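Following: one structure in structure tokens, then a few remarks.
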Amino acid sequence: MLNRKLMPRKNRSCQDHIPLTVEEIDKVISDWSDIKARLKELEEKDETYRRVMLNVFKTTGSDIIKGKNFQVIQRTYNKRTISRNLVPVDIFDRYAQTKEIQYVTLRRL
């Protein structure tokens, strides 16, 4: 665990900060790398479970699935990607792209 005194605080300026030693910097970088690798692994697992649930939603035709302890809700929203303020209305209506995005939320019951 890194010594908290060595880490900068919000109300401290950079000059008040005690610099890290080479060994501490190595430890921070190593820990950060490990965490990033773990995050990537967890994000891949999350995506796998998300896809499983999307398949369940697709096969059941439902937007809500409840288990004993959790509820999963599927929502879809559309997003237009051109700003109305920057172009005339007729051009916006003609060229704006609509994206449909599905997302799934998990909520403890």
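Which residues, counting only those in segment 1-38, are of a type in the set (A, V, I, L, M, F, W, C) and either part of a loop (DSSP other than H, G, I, E, B) or modelled with pLDDT of 95 or more (or both)? Outline the logic, then answer.
Keep residues of segment 1-38 that are of a type in the set (A, V, I, L, M, F, W, C), which gives 1-2, 6-7, 14, 18, 20, 22, 25, 28-29, 32, 35, 37.
Within segment 1-38, Met1, Leu2, Met7, Ile18, Leu20 meet the criteria.
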Does Val104 satisfy the criteria of being hydrophobic (A, V, I, L, M, F, W, C) and modelled with pLDDT under 75?
yes
Over segment 65-86, the set of residues at pLDDT 85 or above and either surrounded by fewer than 12 Cβ atoms within 10 Å (Cβ to Cβ) or not in a strand (DSSP E or B) (or both) is Gly67, Lys68, Asn69, Phe70, Arg75
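The values are calculated or read from the model by the stated rules, or taken from the named source; none is laboratory data. Computed from a prediction, not measured in an experiment: that's the story for all the values here. Using ideal geometry, Cβ is built from the backbone for each residue, glycine included, and neighbour counts are taken over all protein chains shown.
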